[in-house]
Every structure is written in structure tokens, then in C-alpha cells.
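The structure appears right after this line, and notes come after that.
The values are calculated or read from the model by the stated rules, or taken from the named source; none is laboratory data. Given the structure is predicted, the values throughout are model-derived calculations rather than measurements. Cβ atoms come from the backbone with ideal geometry, glycine included; neighbour counts cover every protein chain shown. Just the protein is used for accessible areas: all its heavy atoms, side chains included, with ligands, DNA and RNA removed. Shrake-Rupley method; radii C 1.70, N 1.55, O 1.52, S 1.80 Å.
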Amino acid sequence: MNDGDHKTDLIWLQISNFTTMKIGELEEHYALELAQLYDENEAKALFSLAAERVLQFSPMKLKVMGDSSTDFIHLQKMLSILNDLLIGKPIQHILGEAHFYGSVFKVNENVLIPRPETEELVDWIISTCNSKSPSERLDILDIGTGSGCIPISLKKYLPSSEVYTLDVSGAAIAVARENAANTGISINFIEADILNFSAKEKFDIIVSNPPYIRDLEKQQMHDNVLMYEPHLALFVSNENPLIFYKAIADFAKTNLKSDGLLYLEINEYLGYEMVQMLKEKGFLNIELRQDMQGKDRMIKANLPS
């Protein structure tokens with residue numbers, strides 16, 4: 001038995017002694033046990049997600065049910081989730097799903113957990129398209145399928161579009177296919193590596209959230225990301241951090257239509273470098289946009305007509 005297994009067993013022995021608990025007390029218990037891993041607001045958010053799944057309580061209902069008690073079965077399920085959280089497992093992997101732009105997506109160890117900043121990127125694309133011609137047919141390529149959250153959301157809110165999505169990981173594509181089926185969305189899947197991919201098709205929009213975290217930034221990351229999310233989709237070398245962006249930009253130069261747009265989610269520390277790289281490759285109207293936290297997180301550009 002390794003140390004992690006021993007720690008898990010000790011935690012489980014500690015928390016499995018409860019037979020009933022008021023919901024408010026259970027929330028306090030979550031906050032107390034998770035204090036070394038999460039701040040109070042994060043712990044309460046995790047409790048809310050767990051309660052929504054196990055107790056079928058909406059966040060609003062949860063606020064008024066603090067004095068109600070759980071039964072033994074539901075309590076043990078809630079404590080089991082807490083146990084997994086205490087060993088660093090992400091809540092999305094525990095529940096097997098993540099919410100993204102109005103839909104629920106299956107997630108597992110083969111795909112990144114969708115982030116709020118990626119929702120902002122998707123919203124930027126949808127808002128721009130709808131402000132021009134909401135019913136126009138667009139050919140869209142997403143590079144780096146993952147869970148399918150980007151291409152599925154774009155197809156859902158731009159239904160006249162033909163959406164393609166590419167990923168080097170067959171396991172990720174399998175998850176995305178399941179998510180597309182579960183949401184009733186039809187998109188086209190391509191298993192390929194953008195570093196050596198070519199195509200004849202031309203696209204109105206190319207979008208990507210490729211790997212962009214440098215190895216030197218690993219020390220800033222939470223253990224639950226490092227331990228449970230696919231490094232293939234996260235990390236690049238310190239020496240060549242823009243490797244995927246350069247390949248995507250080169251592909252876009254050949255495969256964007258004359259009035260097409262390139263959208264990218266980027267490393268918050270490399271905004272200047274991204275702008276310079278796109279300029280050097282001939283892109284125009286480069287717009288660097290910050291996310292809701294004020295970080296340089298996404299970029300839009302197009303090619304000369």
C-alpha cells in the first residue's frame with residue numbers, strides 16, 4: 001500500500017463514522033476538511049456541486065435547507081465525494097461531467113476540464129458571428145477537440161455552420177463523440193496531429209485552445225491538474241512554447257478563406273509574443289483580449305484579402 005492509499009483509508013475511516021448530519025453542518029465540514037486545499041468560497045462551490053448531484057438540490061434550494069438532515073445513504077455519498085476531493089481529484093472527474101456554455105459535457109482523464117476562459121473565447125466567436133449574419137453558413141475548424149466543448153457549443157449556437165474538429169488523441173475524440181451524441185449535435189471529427197496536418201478545405205473560422213503551459217509554470221499549478229489532467233493537452237517546452245500556435249498560423253495562412261478569422265486561447269504570459277508571431281506571419285487586425293480576471297487570454301486575427 002502506498003502513502004496515498006493509506007491517507008485515503010484514514011480519511012475514509014474518519015468521515016464514515018457519521019450516520020446523519022444537517023446540510024448546513026455538512027457544508028461546514030466540507031469547508032473545514034478542504035481548508036488546506038481550497039479557500040472557503042471554493043470549498044462551498046465544491047459542496048454545492050456535490051449536493052446538486054447527490055441530493056438533487058439546486059444552489060438556491062441548498063441555501064434554505066441548512067437545517068434539514070440527510071439520510072445515511074446520501075450522507076455517505078457526499079462524504080465519499082469529499083474523500084476524493086481530499087486526495088486531489090477534481091470535482092468534475094468525481095462527477096464525470098462539467099458544465100460549459102449551457103451544456104453538460106462528459107469529462108475524464110483523457111480530456112481537459114473545460115475552463116471559464118474558454119467559454120469567453122466561444123462567446124466571442126458566437127457574438128461576432130451573430131452580429132454579422134446569424135443565419136450564414138460558416139465552415140469552422142476547431143483544433144484540439146478535447147471534450148468537444150468548443151466545436152459542440154459553436155455548432156449549437158451557430159446551427160447553420162459546418163463544424164470540423166481535430167485532435168491527435170483518439171481517446172479524446174471518443175469522449176467528444178459521446179458528448180456530441182448526448183447533446184444531439186452533429187460535427188465532423190478528424191484524428192490527426194496539427195504539427196503535420198494538411199487539408200484542401202477552406203474555413204471561415206479556425207479556432208484552437210492548444211497546449212500552451214510552459215514546463216517552468218508547472219510549479220504554479222494545483223496538484224489536481226498535474227495529477228489528473230492529460231499533460232499532452234497542457235504542456236509545451238520552455239524552449240519552444242509557441243510550437244502549436246506557429247503550426248496553426250501556418251495552416252490558417254493556407255486554409256482560411258479570404259475574409260476568414262483565426263481565434264486562439266493563449267498563455268497569459270505570452271500575449272506580446274503571440275502578437276509579434278502573428279504579425280510576422282502576415283496576419284492583420286490582431287486583437288488581444290483579456291478574460292474576466294484581466295489576463296491576456298485570447299486573440300483574434302485575419303489575413304489580407
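Quick rundown of the values:
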read-out: Mean separation of Cα contacts under 8 Å (6+ apart) over length of the chain, as relative contact order %; value: 13 percent
read-out: Positive-end residue, the chain charge dipole about Cα centroid, Cβ charges, pick of Leu232, Ile87, Pro304; value: Pro304
read-out: Integer Hz, Karplus 6.51/-1.76/1.60 couplings in order for region 190-205, x for Gly and Pro; value: 10, 9, 6, 9, 4, 5, 9, 10, 9, 8, 8, 5, 10, 10, 6, 9
read-out: Estimated vicinal HN-Hα couplings, Hz - region 89-106 in sequence order (Karplus 6.51, -1.76, 1.60; Gly, Pro = x); value: 6, x, 4, 5, 6, 5, 7, x, 7, 9, 8, 8, 6, x, 10, 10, 10, 5
read-out: Candidates Phe197, Phe244, Phe105: whichever shows maximal mean-square fluctuation once the chain is modelled as a Gaussian network with Cα springs under 10 Å; value: Phe197
read-out: Residue pairs, from the table Lys22/Lys156; Lys44/Lys218; Lys106/Lys279; Lys22/Lys155; Lys61/Lys156; Lys132/Lys218, whose Cα atoms sit over 32 Å apart; value: Lys22/Lys156; Lys106/Lys279; Lys22/Lys155; Lys132/Lys218
read-out: Options Asn255, Ser160, Tyr269, ranked by Cα towards positive dipole end of region 121-278, top entry (Cβ charges); value: Ser160
read-out: Dipole of region 21-80, positive end: most advanced residue of Ile23, His74, Ala35 [Cβ charges, Cα centre]; value: His74
read-out: For region 62-185: relative contact order, % (alpha-carbon pairs under 8 angstrom, 6 or more apart); value: 21 percent
read-out: Total formal charge among the other residues, if their Cβ is under 11 angstrom from that of Ile185, Lys/Arg +1 and Asp/Glu -1; value: +3
read-out: Accessible surface of the chain, 1.4 Å probe, proportion on carbon and sulfur as whole %; value: 50 percent
read-out: Accessible area per residue, Å², the chain with all protein chains present, probe 1.4 Å; value: 49 Å²
read-out: Formal net charge of residues neighbouring Gly148 (Cβ-Cβ distance under 12 Å; K, R +1; D, E -1); value: +1
read-out: Among beta bridges that DSSP assigns inside the chain, antiparallel share in %, nearest 5; value: 45 percent
read-out: Chain lengthening between Arg177 and Asn196 when straightened (0.36 nm per residue, less Cα-Cα); value: 4.5 nm
read-out: Inter-part distance where region 109-188 and region 200-240 are each reduced to a Cα centre, Å; value: 18 Å
read-out: Candidates Pro151, Pro116, Pro59, ranked by Gaussian network fluctuation over the chain, Cα under 10 Å, top entry; value: Pro59
read-out: Highest-fluctuation residue, Asn188, Asn196, Asn179 considered, GNM on the chain with Cα pairs under 10 Å; value: Asn196
read-out: Listed candidates (1) 1.06; (2) 1.25; (3) 1.11 - label of the one calculated as Cα Rg over 2.2 N^0.38 Å; value: (3)
read-out: For the chain, size of Cβ-based charge dipole, Lys and Arg +1, Asp and Glu -1, in debye; value: 900 debye
read-out: Cα-centre dipole for region 74-168 with unit charges at Cβ (Lys and Arg positive, Asp and Glu negative), debye to 20; value: 260 debye
read-out: Cβ-based net charge around Asp139, under 14 Å, with every Lys or Arg adding one and every Asp or Glu removing one; value: -1
